[in-house]
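Worksheet: one structure, shown below.
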Amino acid sequence: MKRYFSISAKLKLTIWSCLLMILMASIVTALMFSFSGNIIANNIKTTLTQVLDDNADELEFEDGRLEIEDIDFFKKSVYTLIYSQDKERIAGNLPDEFNSEPQLKDKVIADIIIDGTTYYTYDRLVFPEDYPKPFWLRGVIAVDEVTSATNSILQTALFSLPIFILLASLGCYFIAKHTFSPIDKIILTAEQIENSENLSLRINLQNSDPEIQKLSNTFDKMFERLENAFEAEKQFSQNVSHELRTPIAVILAQCEYSLDRSANDKDRQEALNIIQKQAKKTSNLISELLTLIRLERGLESLEFMQIDLSELITIVCEEQTIIAPQTIDFNYEITPNIMLRANQSMLIRLITNLLNNAFRYNKENGKVNVSLREDNQIIILEVKDNGIGLTPDQKTKIWQRFYQVDPARSADNSQNMGLGLAMVKQIAKVHKAKISVISELGQGSCFRVEFFK
Ligand code: ADP
């Protein structure tokens, strides 16, 4: 189902944290209210009883008269009143609104609501020394008066909370925006690449969070690989068309030449020879290219079977001895009975290509050595020559399709098109083998293939 309405991750994060903050603030406020209410009520009650007890201690009789000078009738918001046994007020004033008839009960705290104001009362029946009758002492405290200050603090907190939540949400949004801005940059670059098809663009993120930096670097590497692959494909198409155009141009020119009335039989014969050579070269190129592409794309269904590699390499070397240049000293050292699961014709191609190169890029009276041995479950095939060698830069390029250090050297040979080592590399790859070259300019090269059993 298509989503018509989608919220950005930044907004989601902000809404989520905002809701969380509101929830937390509500819980904290509710707890604050309930706890503070209880604590205040207990404090008020303690103050009320303390003040009244203190005043009760101060109540004295002298000469049959009640001494009330030492009594504090309004202390710590507590009104103290003295009643006779018949509940008649003897001393002390009530809060203005307080006009109810007292219901006196000894050592009991009661609450009374008058005109919306809550009062706590606490009564004590006192039996003073030297006096025959008891007295009632009553303490009265207006709860709301005491709690109003605390309430106003809580109310201030309650009103300021939304402002804090708003500020925190804004902060959260800006932090999210800042955190997500590198991702916006990644998206923007990807979109630019898509729209402009310019694969050379990079995100180039600097000083970002490690995870996002890693993501951006991975993308940049991927863009680079894509660009390289794209460039390689482009180069490949150019090379193919170039390689095909040259022999076809030669063929056309030779056809025209031989069709010319002034051309004699000898000229025509010569032209036909050239046409044949170029046609062979073209046909060779096409078949090599097809095999290479099919191998690279995994389209070639190769048959793998257990083969005696020692025997196979020996046969190839024997054949090559016959066709090897007379000036080359060619030797091979093959450990017998080395078995490998492989595709026979591909392996013949691999060793033949390496050997042809070793002969071709050699020096006068040069040496070529082939060796096959097994070491710790690794089968090592080496083709070594002491020929012209390669520079470090050439060593990295020789595996590319159509790369030739000196194209002029093989211009006359229809077999040499700069595809041999690309094919060798691909054959090694389908056999999960590792291929490498050790080479020094003017000293020679050693191509090494390692097959893993
Ligand atoms: P080519 O058809 O030109 O031989 P290859 O792919 O087989 O193409 O080789 C690519 C290039 O690598 C060659 O043109 C050559 O310059 C270089 N090369 C290959 N083998 C050797 C070698 N044994 N010694 C020196 N250079 C070599």
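FYI, it's all coordinate maths here, none of it is from the lab. Here the structure is a predicted model, which is why all the values come from computation and not from measurement. Quick reminder, even Gly has a Cβ in these numbers, built from the backbone with ideal geometry, and neighbours come from all protein chains shown.
For the chain, the longest principal axis of the Cα atoms and the long axis of helix 309-323 meet at an angle of about 40 degrees. When only alpha carbons are used to place a centre, region 199-245 and region 32-52 end up 74 Å from one another.
Panel order for Val370, Val250, by other beta carbons found within 10 Å of each beta carbon, from fewest to most: Val250, Val370. Rg of the Cα atoms in region 298-439, relative to 2.2 N^0.38 Å, amounts to 1.04. Can you give me the C-alpha center-to-center distance between region 321-355 and region 254-293, rounded to a whole angstrom? Here the two parts' Cα centres lie 32 Å apart. Exposure proxy shown here: for Met346, Met32, Met24, the number of other Cβ atoms within 10 Å sets the order, fewest to most, as Met24, Met32, Met346. Net charge dipole, the chain: roughly 3980 debye, given to the nearest 20, about the Cα centre with Cβ charges of +1 for Lys and Arg and -1 for Asp and Glu. Projected label points at Glu60 and Leu170, each 7 Å from Cα along the beta carbon direction, are separated by 6.6 nanometres. Based on the reciprocal of the average 1/r between different C-alpha atoms, the Kirkwood radius for the chain equals 33.2 Å. Axis of helix 265-296 versus longest Cα principal axis of the chain: the two differ by about 30°, to the nearest ten degrees. Kirkwood hydrodynamic radius, computed over distinct alpha-carbon pairs, for region 119-197: how many Å, to one decimal? This gives a value of 19.5 Å. Taking every alpha-carbon pair in region 155-198 and binning the separations at 5 Å intervals from zero gives 6, 19, 13, 12, 10, 10, 8, 7, 5, 4, 3, 2, 0 percent.
In region 41-185, the convex hull through the Cα atoms has an average projected area of 12.3 nm², a quarter of its surface area. Exposure proxy shown here: for Ser445, Ser436, Ser208, the number of other Cβ atoms within 10 Å sets the order, fewest to most, as Ser436, Ser208, Ser445. In region 209-320, one over the average inverse separation of all distinct C-alpha pairs is 19.2 Å, which is the Kirkwood hydrodynamic radius. Positive contributions from Lys and Arg (+1) and negative ones from Asp and Glu (-1), summed over other residues with Cβ under 9 Å from the Cβ of Leu340, come out at +1.
Of the residues Asn264, Trp16, Leu290, the one whose Cα sits farthest toward the positive end of the charge dipole of the chain, with +1 on the Cβ of Lys and Arg and -1 on the Cβ of Asp and Glu, is Asn264. Cα-based values for region 294-337, radius of gyration first and Dmax second, are 15.0, 41 Å. Extension gain, Glu256 to Glu211, is 9.5 nm, computed as 0.36 nm per intervening residue step minus the present C-alpha separation.
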